[in-house]
Amino acid sequence: MKELSHLVSTVEESRTLAITALIKKLKSEGKKVLSFSAGEPDFNTPAFIKEAGIEAINNNYTRYTASEGSPELIRAVISKFKNDNGLDFAPENILISNGAKHSIYNVILSVCNPGDEVIIQSPYWVSYPEIIKLAGAKCVLIDAGPKAHYKITPLQLERAITPKTKAFIFNSPSNPTGAVYSKEEIYALAEVLKDKGIYVISDEIYEKILFDGRTHFPMATIPWMHNYVITVNGVSKAFAMTGWRIGFAAGPKEIIRLARNLQSHSTSNPNSIAQAASVAALTKEVAELPEMVAEFRKRRDFIVGELNKINGIFCPPIDGAFYAFFDVSCFYGKQWKNTLINDSGTFCGFLLEEAQIGLVPGIAFGNDNCVRMSFACSMEDLRKGVTILRESLDSL
C-alpha cells in the first residue's frame, strides 16, 4: 500500500465519540453501563419542530438547497442574531453548515495559513486542536485550571499573543467545564485584542443553557470587535436537535465567502429537511426550553454537591452547559488489579470495567488531571452513578 496522508494521520480520533461508541458496544453485549459521556440533551426534540420536518418531507422539500443554506433559514438566523444578541447581519454574512463543528471547521480553514498560531484555552473542546492541525496552523494553549474556575485572564491572553497569532477560539458557556464569562470579563479580553487584527472564533452553542440568572454576552457586540469576530452557533443543544446536524456561522463577509466556497466543494448544502425544522425552531417560541434549563440546573446542583462530598474530588462551580469537569488526580498512583491508575485514561478505564460507569478522560480536553461527566441524563442515573462512583473510589 502506498503512503497515506501525513496530515490526516496526525489527527486523533475524537475521544468523546470513541468512548460513546465503546459504551454502546458494551450495552449491545448486555452489560449495564451508566453512561455520562454524551454531549447531548436527553430531552426529545419539541413536537412542533418535528412536525415542521415531517411537513417538509410531505411537501417534497427534499432537493438541494443553496450550498450556503436555504434563504428561509438564513433569514431566520439573521432574526435570531438580531433578537437574541443585538447583532445585525446581512445574508452574505451567514453560512449554514452540518452542525456547529462543521461551521468551526469551515471558518478555521478559511482563516488560517500554515504556520499561523491559534490561541485556545485548556481545557478545550476536543475538536479544536485537530481542526487547527488540518489547517496547518499551530495551537497555543493557555492553561486555566480548576482553581481559576477554568477561566483565563487578560494577562494570560496578552502573553500568548505573538506576531504569528491569527485567531483566538473563545467558548462560553464552555464544553467541557461549564464556565461562563461575564460581560466584564469578556470586555477585558477584548481590550487585549484591540487593534491587533486577531480574529476571534466565538463558539456560543450553549448560549441558552445558563444558570443562576446569568445572561449570555456575545463578544461580537463589542464595537471594536465586530469586524473580527466569527460567531458560531446552532440548534443542537438548546432545541435538543443534536442528530439534525444544523449549525451556523456569522461574521465578516470575506471570511464567510471563503467558508461558503469550501463547503460547496466538501458537503454542499446541509440536509434540506433539517433546515426546514430549524426554521421552526428559530422562529417560534420553544416552551420546553425554560423547563429543560430548569431541569439541568437541578441536576447541576445535585452533582456539584455530591461530587464535592467525595474525599479527594474538587468540582468547581458550573455556570452553564451540562458538564461537570472535576479533578481526580489524587487517585493517581493507586493500584487496581494489575493496573496502575496514573492518568485520566486509566482512571476512566477502571470505572468503566470495575463499576460500569462511562466518563470521558480529561486528556481529551487538554487536562489529564480531570474527567468530564455529563449530567444530560436522568436524576435516577445521576444518583446511581454518584453512589457507585463513591463506592468504587473508596475501594481503591
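The values are calculated or read from the model by the stated rules, or taken from the named source; none is laboratory data. Remember, predicted model here, so these are calculated numbers, not experimental data. As a convention, Cβ positions derive from the backbone with ideal geometry for all residues, glycine included, and neighbour counts pool all protein chains shown.
Restricting attention to segment 330-339, does a residue exist that is under 25 Å from Asp42 (Cα atoms), surrounded by 18 or more Cβ atoms within 10 Å (Cβ to Cβ) and outside the structural domain of Pro173 (by TED's automatic domain parsing)?
Here is the first cut: in segment 330-339, the residues under 25 Å from Asp42 (Cα atoms) are none.
No: zero hits.
In contact with a Ser or Thr (Cβ under 6 Å, 6 or more places away or on another chain) and over 29 Å from Thr45 (Cα atoms): which single residue out of Tyr181, Tyr199, Tyr150 fits that description? Break it down stepwise before answering.
Working: Tyr181 fails: over 29 Å from Thr45 (Cα atoms); Tyr199 fails: in contact with a Ser or Thr (Cβ under 6 Å, 6 or more places away or on another chain).
Answer to the check: Tyr150.
For the structure I just gave you, tell me whether Gly39 is buried (at least 21 other Cβ atoms within 10 Å of the Cβ), out of contact with any helix residue (DSSP H, G or I) (no Cβ under 6 Å at 6 or more places or on another chain) and part of a loop (DSSP other than H, G, I, E, B).
Working: buried (at least 21 other Cβ atoms within 10 Å of the Cβ): yes; out of contact with any helix residue (DSSP H, G or I) (no Cβ under 6 Å at 6 or more places or on another chain): yes; part of a loop (DSSP other than H, G, I, E, B): yes.
Taking the combined requirement at face value, the residue satisfies it.
All but one of (1) in a loop (DSSP other than H, G, I, E, B); (2) touching a Phe, Trp or Tyr at 6+ places or on another chain (Cβ under 8 Å); (3) farther than 22 Å from Ala249 by Cα hold for Pro173; state the number of the condition that does not hold.
Result: Pro173 passes all but (3).
Could you please let me know if Ile49 is surrounded by 17 or more Cβ atoms within 10 Å (Cβ to Cβ), at pLDDT 95 or above and within 22 Å of Leu262 (Cα to Cα)? Break it down into steps so the answer makes sense when it comes.
Values: surrounded by 17 or more Cβ atoms within 10 Å (Cβ to Cβ): yes; at pLDDT 95 or above: yes; within 22 Å of Leu262 (Cα to Cα): no.
So Ile49 fails the test.
What residue, of Ala188, Ala167, is surrounded by fewer than 22 Cβ atoms within 10 Å (Cβ to Cβ) and in contact with a helix residue (DSSP H, G or I) (Cβ under 7 Å, 6 or more places away or on another chain)?
Working: Ala167 fails: surrounded by fewer than 22 Cβ atoms within 10 Å (Cβ to Cβ).
Criteria check complete, one pass: Ala188.
For segment 161-191: of the residues being hydroxyl-bearing (Ser, Thr, Tyr) and within 15 Å of Ala144 (Cα to Cα), which is nearest to the chain's Cα centre (by Cα)? So that I can check it myself, show each step before the final result.
So the first thing to find is which residues in segment 161-191 are hydroxyl-bearing (Ser, Thr, Tyr), and the list is 162, 165, 172, 174, 177, 181-182, 187.
Still in the running and within 15 Å of Ala144 (Cα to Cα): 172, 174, 177, 181.
Numbers: Ser172: 9, Ser174: 7, Thr177: 10, Tyr181: 15 Å.
Within segment 161-191, the match that is nearest to the chain's Cα centre (by Cα) is Ser174.
So Thr339 fits all but one of (1) over 25 Å from the mean Cα position of the chain (by Cα); (2) closer than 30 Å to Lys183 by Cβ; what number is the exception?
(2)
Among the numbered criteria (1) among the hydrophobic types (A, V, I, L, M, F, W, C); (2) buried (at least 23 other Cβ atoms within 10 Å of the Cβ); (3) under 22 Å from Ala90 (Cα atoms); (4) without any contact (Cβ under 8 Å) to a residue 60 or more places away in the chain, which one does Ile230 miss?
For Ile230, the failing item is (4).
Collect the residues in segment 67-108 that are under 19 Å from the mean Cα position of the chain (by Cα) and hydroxyl-bearing (Ser, Thr, Tyr), keeping them in residue-number order.
Result: Ser97, Ser103, Tyr105.
Evaluate segment 363-381: report whether one residue or more is among the β-branched types (Val, Ile, Thr), more than 24 Å from Ile19 (Cα to Cα) and either buried (at least 16 other Cβ atoms within 10 Å of the Cβ) or within 21 Å of the chain's Cα centre (by Cα) (or both).
Of segment 363-381, the ones among the β-branched types (Val, Ile, Thr) are 363, 371.
Then drop every residue that is not more than 24 Å from Ile19 (Cα to Cα), which leaves none.
Checked segment 363-381: no residue is among the β-branched types (Val, Ile, Thr), more than 24 Å from Ile19 (Cα to Cα) and either buried (at least 16 other Cβ atoms within 10 Å of the Cβ) or within 21 Å of the chain's Cα centre (by Cα) (or both).
Answer with yes or no whether Pro71 is within 27 Å of Thr267 (Cβ to Cβ), surrounded by 21 or more Cβ atoms within 10 Å (Cβ to Cβ) and of a type outside the set (Gly, Ala, Ser). Steps first, answer last, please.
Working: within 27 Å of Thr267 (Cβ to Cβ): yes; surrounded by 21 or more Cβ atoms within 10 Å (Cβ to Cβ): no; of a type outside the set (Gly, Ala, Ser): yes.
For Pro71, the condition - within 27 Å of Thr267 (Cβ to Cβ), surrounded by 21 or more Cβ atoms within 10 Å (Cβ to Cβ) and of a type outside the set (Gly, Ala, Ser) - is not met.
Kindly indicate whether Gly145 is outside the structural domain of Gly312 (by TED's automatic domain parsing) and either within 22 Å of Ile256 (Cα to Cα) or over 20 Å from the mean Cα position of the chain (by Cα) (or both).
Working: outside the structural domain of Gly312 (by TED's automatic domain parsing): yes; either within 22 Å of Ile256 (Cα to Cα) or over 20 Å from the mean Cα position of the chain (by Cα) (or both): no.
When the stated conditions are applied, Gly145 does not pass them.
Of Leu389, Leu351, Leu396, which residue is in a helix (DSSP H, G or I) and either basic (Lys, Arg) or in contact (Cβ under 8 Å) with a residue 60 or more places away in the chain (or both)? Break it down stepwise before answering.
Details: Leu351 fails: either basic (Lys, Arg) or in contact (Cβ under 8 Å) with a residue 60 or more places away in the chain (or both); Leu396 fails: in a helix (DSSP H, G or I).
Just a single option satisfies the conditions, and that option is Leu389.
Return yes when Ala66 is farther than 22 Å from Val126 by Cβ, assigned to a helix (DSSP H, G or I), out of contact with any Lys or Arg (no Cβ under 8 Å at 6 or more places or on another chain) and not β-branched (Val, Ile, Thr) and no when it is not. Let's see the steps before the verdict.
On the way: farther than 22 Å from Val126 by Cβ: yes; assigned to a helix (DSSP H, G or I): no; out of contact with any Lys or Arg (no Cβ under 8 Å at 6 or more places or on another chain): yes; not β-branched (Val, Ile, Thr): yes.
Against the criterion (farther than 22 Å from Val126 by Cβ, assigned to a helix (DSSP H, G or I), out of contact with any Lys or Arg (no Cβ under 8 Å at 6 or more places or on another chain) and not β-branched (Val, Ile, Thr)), Ala66 does not qualify.
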